[in-house]
Amino acid sequence: MNQLRKLSGMTQEQLAEKLNVSRQTISNWKSAGTTPDLESVVKISRIFHVSLDDLLTEGDAGTADKHDEQITLEDLMKINLLNRKMTLLLISGLIFIITGILNFAYVIALQSTTLSTQYMLYRYIVTGNYENAPVDYTRLMIPSIIMCALGAVLFISYVVENRKKRG
């Protein structure tokens with residue numbers, strides 16, 4: 001059970017929370033001071049997707065070695081795939097947020113430039129018209145708002161999936 005917990009990236013506290021027991025109880029099971037009750041064994045088999053037979057015969061030397069190799073390879077592949085997906089989700093969310101913020105900053109800078117005294121004087125000299133440039137800044141903000149929202153959704157998805165994985 002200890003190896004399954006470590007392979008899944010779960011702490012003793014997280015496993016204890018899922019089983020509704022204390023962390024000390026998990027620690028006692030690890031040190032072979034006590035054994036889990038039947039209800040806890042069933043919950044453990046469901047959490048780690050291991051049959052009761054495999055979980056209960058884990059202590060046998062011949063069975064444990066064969067069982068450990070199979071679990072290790074399968075679990076490492078699953079963990080690796082999940083970590084790649086989570087990393088991609090996090091990076092894409094952050095890229096969208098950063099791009100949206102940069103776009104927003106560019107529009108603010110553009111607005112500041114067009115409203116500056118130098119630009120108004122330049123327009124006055126060139127066109128004889130002394131008014132601001134007719135630019136719809138709200139329409140320029142729409143892409144940055146959409147990018148920030150999409151990035152936030154991806155980032156929130158990452159946080160939710162990460163909590164599911166650990167919790």
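Among residues of the range 128-144 being open to solvent by 80 Å² or more (accessible area, probe 1.4 Å) and assigned to a helix (DSSP H, G or I), the one that is modelled with the highest pLDDT is 142.
Scanning the range 158-166 finds no residues that are part of a helix (DSSP H, G or I), in contact with a Pro (Cβ under 7 Å, 6 or more places away or on another chain) and modelled with pLDDT of 70 or more.
Within the range 8-32, the set of residues being part of a loop (DSSP other than H, G, I, E, B), open to solvent by 60 Å² or more (accessible area, probe 1.4 Å) and either under 19 Å from residue 166 (Cβ atoms) or not hydroxyl-bearing (Ser, Thr, Tyr) (or both) comprises 20, 32. Scan the range 146-157 for residues that are in contact with a helix residue (DSSP H, G or I) (Cβ under 7 Å, 6 or more places away or on another chain) and either exposed (fewer than 15 other Cβ atoms within 10 Å of the Cβ) or modelled with pLDDT under 85 (or both) and jot them down. Across the range 146-157, the qualifying residue is only 152. Would it be correct to say that residue 79 is assigned to a helix (DSSP H, G or I) and open to solvent by 60 Å² or more (accessible area, probe 1.4 Å)? In short, no.
The values are calculated or read from the model by the stated rules, or taken from the named source; none is laboratory data. Everything numeric here is computed off the predicted structure, so don't read it as measured data. Please note: Cβ atoms are built from the backbone with ideal geometry, for glycine as well, and neighbour counts cover all protein chains shown. Side chains are part of the model used for accessible areas, which takes the heavy atoms of the whole protein and leaves out ligands, DNA and RNA. Shrake-Rupley method; radii C 1.70, N 1.55, O 1.52, S 1.80 Å.
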